[in-house]
Amino acid sequence: MGVEQKLGNLGVVTTKLEDLINWGRYRSMYPLLMGIACCAIEMMAAQAPHYDMSRFGMELMRASPRQSDLMIVAGRVTRKMAPVLRQLYEQMPDPKWVLSMGDCASCSGVFNNYALMQGVDEVVPVDVYVAGCPPRPEALIHGVVTLHEMVRGEKLTDWA
Amino acid sequence: MTDKNEGLKEIVEALQARFDADVYEFRSETSLIVNLEQIVDVCQALRDDFDFEILAEQSAVDYWPQQSPRFHVVYQIRSLKRNLIIGLRVPVEGDAPTVPTIEGVYRNANWFEREIWDMFGITIDGHSDQRRILMPHDWEGHPLRKDYPLGYEEVQFTFNFDEINDRKPYAKE
Amino acid sequence: MSTEISRTSLNLEPAALDEIKHLISNRAIEGETVLLNMGPQHPATHGVLRLLLELDGEVVVNCIPDIGFLHTGIEKNMEAKTYVQAEVMTDRLDYLNNIGNNLVYCLAIEKLTDLDVPPRAQAIRVILTELQRISSHLVWLGTHCLDLGAMSLFLYTFREREFILDIFEMVSGQRMMTTYLRPGGLWRDIPVEFEGTVREFTGLLPRRIQQYDDLLEKNRLFLERTKGIGVLSTEDALSWGVTGPMARASGVDHDLRKSIPYSGYELYEFIVPTHTDGDTYARYLVRMEELRQSLRIVEQALDKLPLGPVRSNNRKYVPPPRSELSTSMEAVIHHFKLWTEGFSPPKGSVYVGVESPRGELGCFIESDGGPKPYRVHMRTPSFTNLQILPLLAKGHLVADLIALIGTVDIVLGDIDR
């Protein structure tokens, strides 16, 4: 927001409400702690020291969907798991976003068969897709940063 | 390798004297083809008399459209004491066959047999907990049967992108 | 075929309750004890495991595992692919032991087709499998301690795991799903930097393992949450078919690397750690010792690493090297046949078992003489080991159940396939 330049020594800031809300939203995103398959291990690696997602303010994973606003679908979603996933999504408070991590979640990857949902976008609306099998932690971080950019650009008139 | 198979040969001969079982050998592996009625007794004999302590694997093979036998239930039983492994095969006929449970001999057969019921639709007689294990409990059909379709969905390419995109059931908010 | 989402699999409807009536006690039906659903989304279930718990206060009366939330249909999908294509699927079974899965599948195909693997390829296979075992045990240690409240261990073990993943990336180009081992050998030879990097790692890890020990072995919280929790007797371990570190901690001295050596494990000196207590702490000790033994194997294999080809010369099953394609017509024909149609092993069935970090990982392949496997069944260690969870959990507190899930070291991809 460039608050620092405007701040001066008055202690007063003028900015647009839209910017303020978006700043609040993208700077404190709580992802849902839900690992499904292989990608969950890379998601854990992204949290771990080498990649350290907390550089982007994403270190606080919440185990309860009621406290989180970003769902990272990390892995293949089966037809047995799909209703659970939808229920978790419905339990998350608005505004909420979904990041589909990996090929299996995005389009079921190498598995084209009876057991898997062919893309998790049939169950929950997806905002960002991350490719890779599994995506490297850098790719996940890139996906998260892309989502941040998206949230920053949201217009007040679209949802208020 | 040779003395290992010697040890197995004696066991196979001893078993053949007690049960009518055919021997099938392939790549240094020995399998016995056992009758449906005798499988529990064979397992019991293997465990109690020949020290085969661990049921290593149990699964089935579907030979559809062949009807007799349509399925083979396959067992691999391992002896730690003698360092041997023996295979058992039970041919079963028809579309809705039944095999007796060996849960009383090897307790970990419980989940293996549930999986065989779930995936192949082979009823396990006398099983303590015959429910679906991997598929949802209201699922229809048994996926690993050869007459069950793979469930392939058409892949999106540039030339058919819009066509598939239009009928894809995207989720709403 | 029902493609609709099954809505009832989660909620405990009367029909669903009827199905499990024989597994819970009468007190639950009368309302004296509580039925509690744990999972499939739960931070301590290591994936999408669902447990239905019957609780009397905080004590677990019954525990009913419900699996299948990650059933991927891998076995069915492999039947629709050629032998080489199907190998890609095996990586995704047990996603902490990718190279071990490749290994068992390749060994099964090699047994089916009677292929010989050159000694250099076998030694590299051993090095990579043991590195994978170390990395898998590191993840186990990190997540197990995370569940028990020791968060810092997770950060340390993942730091070391990155090193191993970098080695995998160096040899194969991928961090996790390498598909580096192929039927008849390897995809290609290892790069020059490989040996130096692995030696750097083997020099570094013993100090780090000591560090983990220092953090945990005198930690009263850790000891109280692991000692005497979930005792598994030798008889139970055998009759439930438990394998791997779980069985070894209960006094079953069984390791397939020793008893039926494959890939040249008979060339290396190592001991199989066992323990007689059979509790969670014993399993911790066994796995920590396995880390050290794996390092020993890696070092010996590096010392003895022979020179030579890394692929079998049998052109019926193994594609020719790229350099031959421009000079030999025969090589082009083999290459074309292998990559379009695939190879056709003789009719028959084989079963091969290897020692994965979790226990006996087996592969049963039945061939009908065609280019696609007729039936593949993966005998996965977590599937059998998880069966004893109800036995272990009975009578313990819910908090101990978390420790028990961690100590069984399950990987859901391995269970559900």
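The values are calculated or read from the model by the stated rules, or taken from the named source; none is laboratory data. Keep in mind the model is a prediction, meaning the values are calculated, not measured. Neighbour counts run over all protein chains shown; Cβ positions are idealised from the backbone, glycine included. Side chains included, ligands, DNA and RNA excluded: accessible areas come from the protein's heavy atoms. Shrake-Rupley method; radii C 1.70, N 1.55, O 1.52, S 1.80 Å.
In table form, for the structure just shown:
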{"quantity": "Condition check for C:LEU307: of a type outside the set (Lys, Arg), at pLDDT 90 or above and crowded, with 18+ Cβ neighbours inside 10 Å", "calculated": "no"}
{"quantity": "Where C:GLY370 falls short, out of the listed (1) at pLDDT below 90; (2) more than 14 Å from every other protein chain (Cβ to nearest Cβ); (3) open to solvent by 10 Å² or more (accessible area, probe 1.4 Å)", "calculated": "(2)"}
{"quantity": "Candidate set: region B:152-173, residues that are touching a Pro at 6+ places or on another chain (Cβ under 8 Å) and either of a type in the set (S, T, N, Q) or under 19 Å from A:ALA115 (Cα atoms) (or both); chosen: the one surrounded by the fewest Cβ atoms within 10 Å (Cβ to Cβ)", "calculated": "B:TYR170"}
{"quantity": "Number of positions in region B:85-96 that are more than 9 Å from chain C (Cβ to nearest Cβ) and touching a helix residue (DSSP H, G or I) at 6+ places or on another chain (Cβ under 9 Å)", "calculated": "3"}
{"quantity": "Any chance C:VAL171 is open to solvent by 30 Å² or more (accessible area, probe 1.4 Å), farther than 26 Å from C:SER382 by Cβ and modelled with pLDDT of 90 or more", "calculated": "no"}
{"quantity": "Tally of residues being in contact with a His (Cβ under 9 Å, 6 or more places away or on another chain) and touching a residue at least 40 places away in the same chain (Cβ under 8 Å) across region C:245-254", "calculated": "2"}
{"quantity": "Those residues of region C:189-228 which are basic (Lys, Arg) and within 26 Å of the chain's Cα centre (by Cα), in sequence order", "calculated": "C:ARG199, C:ARG207, C:ARG208, C:ARG225, C:LYS227"}
{"quantity": "Residue count for region A:86-131, restricted to those that are touching a strand residue (DSSP E or B) at 6+ places or on another chain (Cβ under 8 Å) and facing another protein chain (nearest Cβ under 7 Å)", "calculated": "6"}
{"quantity": "B:GLU25 vs. criteria part of a strand (DSSP E or B), surrounded by fewer than 16 Cβ atoms within 10 Å (Cβ to Cβ) and at pLDDT below 85", "calculated": "yes"}
{"quantity": "Matching option when the condition is assigned to a helix (DSSP H, G or I), open to solvent by less than 10 Å² (accessible area, probe 1.4 Å) and modelled with pLDDT of 90 or more, among C:LEU361, C:LEU285, C:LEU291", "calculated": "C:LEU291"}
{"quantity": "Residues of region B:60-73 classified as touching a Leu at 6+ places or on another chain (Cβ under 9 Å) and either under 13 Å from B:ILE102 (Cβ atoms) or open to solvent by 10 Å² or more (accessible area, probe 1.4 Å) (or both), total", "calculated": "1"}
{"quantity": "Filter result for C:SER344 (closer than 25 Å to C:VAL252 by Cα and either touching a Cys at 6+ places or on another chain (Cβ under 9 Å) or in contact (Cβ under 8 Å) with a residue 24 or more places away in the chain (or both))", "calculated": "no"}
{"quantity": "Options A:ARG136, A:ARG86: the member that is open to solvent by less than 60 Å² (accessible area, probe 1.4 Å) and among the basic types (Lys, Arg)", "calculated": "A:ARG86"}
{"quantity": "Flag for B:ILE164 being within 14 Å of chain A (Cβ to nearest Cβ) and β-branched (Val, Ile, Thr)", "calculated": "yes"}
{"quantity": "Residue check for C:GLU355: crowded, with 20+ Cβ neighbours inside 10 Å and without any contact (Cβ under 8 Å) to a residue 24 or more places away in the chain", "calculated": "no"}
{"quantity": "Filter result for B:GLN76 (more than 10 Å from chain C (Cβ to nearest Cβ) and either of a type outside the set (Phe, Trp, Tyr) or buried (at least 22 other Cβ atoms within 10 Å of the Cβ) (or both))", "calculated": "no"}
{"quantity": "Failed condition for C:LYS81, given (1) closer than 30 Å to C:ILE20 by Cβ; (2) touching a residue at least 24 places away in the same chain (Cβ under 8 Å); (3) of a type in the set (Lys, Arg)", "calculated": "(1)"}
{"quantity": "Listing of strands (runs of 3 or more DSSP E) fully contained in region B:80-173 that carry 3 or more residues being without any contact (Cβ under 8 Å) to a residue 12 or more places away in the chain and more than 23 Å from the chain's Cα centre (by Cα)", "calculated": "none"}
{"quantity": "Residue check, B:ARG82 within 11 Å of chain C (Cβ to nearest Cβ), surrounded by fewer than 22 Cβ atoms within 10 Å (Cβ to Cβ) and at pLDDT 90 or above", "calculated": "no"}
{"quantity": "Every pair of residues 6+ apart whose Cβ atoms lie under 7 Å, when the first sits in region A:34-54 and is within 17 Å of C:LEU70 (Cα to Cα) while the second is surrounded by 23 or more Cβ atoms within 10 Å (Cβ to Cβ) and of a type in the set (Ser, Thr, Tyr)", "calculated": "A:ALA37/C:TYR95; A:CYS38/C:TYR95; A:ILE41/C:TYR95"}
{"quantity": "Restricting region C:374-404 to residues that are more than 14 Å from chain B (Cβ to nearest Cβ) and outside any helix (DSSP H, G or I), the residue that is least open to solvent (accessible area, probe 1.4 Å)", "calculated": "C:HIS396"}
{"quantity": "Checking C:LEU155 against (1) surrounded by fewer than 24 Cβ atoms within 10 Å (Cβ to Cβ); (2) in contact (Cβ under 8 Å) with a residue 24 or more places away in the chain, the condition it does not meet", "calculated": "(2)"}
{"quantity": "Condition met for C:LEU53 (over 22 Å from A:ALA40 (Cα atoms), open to solvent by 10 Å² or more (accessible area, probe 1.4 Å) and more than 9 Å from chain A (Cβ to nearest Cβ))", "calculated": "no"}
{"quantity": "Criterion: within 14 Å of chain A (Cβ to nearest Cβ) and either out of contact with any helix residue (DSSP H, G or I) (no Cβ under 6 Å at 6 or more places or on another chain) or open to solvent by less than 30 Å² (accessible area, probe 1.4 Å) (or both) - qualifying residue of C:ASN62, C:ASN37", "calculated": "C:ASN37"}
{"quantity": "C:THR407 being within 17 Å of C:TRP240 (Cβ to Cβ), more than 11 Å from chain B (Cβ to nearest Cβ), open to solvent by less than 10 Å² (accessible area, probe 1.4 Å) and not in a strand (DSSP E or B)", "calculated": "yes"}
{"quantity": "Breaking point among (1) within 14 Å of chain B (Cβ to nearest Cβ); (2) in a helix (DSSP H, G or I); (3) open to solvent by less than 40 Å² (accessible area, probe 1.4 Å); (4) not β-branched (Val, Ile, Thr), for C:PHE222", "calculated": "(1)"}
{"quantity": "Helices (runs of 4 or more DSSP H) (entirely within region C:84-192) containing at least 2 residues that are away from chain A (no Cβ under 14 Å) and over 19 Å from A:ARG136 (Cα atoms)", "calculated": "C:98-113, C:119-147"}
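Okay, residues lined up against (1) at the interface with another protein chain (Cβ under 8 Å from one of its Cβ atoms); (2) open to solvent by 60 Å² or more (accessible area, probe 1.4 Å); (3) closer than 25 Å to A:CYS107 by Cα:
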| site | (1), (2), (3) |
| --- | --- |
| A:ASN9 | no, yes, no |
| A:VAL12 | no, yes, no |
| A:MET34 | yes, no, yes |
| A:CYS39 | no, no, yes |
| A:SER54 | no, no, no |
| A:GLN67 | no, yes, no |
| A:LEU70 | no, no, yes |
